[in-house]
Amino acid sequence: MSKELSLSQSAQYVGPYRLEKTLGKGQTGLVKLGVHCITGQKIAIKIVNREKLSESVLMKVEREIAILKLIEHPHVLKLHDVYENNKYL
């Protein structure tokens, strides 16, 4: 289940997370530090621009999300939530 992604202009937020510094950049997107507005919990947030991906790469990203939703292992990053809109995933 996905949630609506909203990126405000003044301060950027994804759901309850405030976006801070960029942690990395790859073929499918940008990874930023996210800080939960209430708890202060820090997480990595991957932002994928749908418009910059081919249909086949977008399908691979969606498959990666589906797999990560199923995996629970101490040595694999946990997928907490998926937020999306027409432009970003």
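Computed from the coordinates by the stated procedures, all read-outs in this text should not be read as laboratory data. Please read all numbers here as calculations on a predicted model, not as lab measurements.
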Subject >> 3J(HN,Hα) from dihedral phi, region 48-61, Karplus parametrisation 6.51/-1.76/1.60, rounded to Hz, x for glycine, proline >> reply: 10, 8, 4, 5, 9, 10, 6, 4, 5, 5, 4, 5, 5, 5
Original post:
For the chain, what is the calculated [θ] at 222 nm in deg cm²/dmol (nearest 500), taking -39500 (n - 2.57) for each run of four or more DSSP H residues and dividing by its residue count?
Top reply: -6000 deg cm²/dmol
**OP:** Report the relative contact order of the chain, percent, no decimals, based on alpha-carbon pairs under 8 angstrom and at least 6 residues apart.
**Re:** 30 percent
**OP:** Would you please give the residues with an amide H less than 5 Å from that of Leu23, counting only those at least 5 places away or on a separate chain, with H modeled from the backbone geometry?
**Re:** Val31, Lys32, Leu33
Original post:
Could you give the length gained on full extension between Leu30 and Ile65, defined as 0.36 nm per residue of separation minus the Cα-Cα distance, in nm?
Top reply: 11.1 nm
**OP:** Determine the shape class of region 3-84: with a ≥ b ≥ c the square roots of the Cα gyration tensor eigenvalues, call it rounded for a/c under 1.5, and otherwise prolate if a/b is greater than b/c, oblate otherwise.
**Re:** oblate
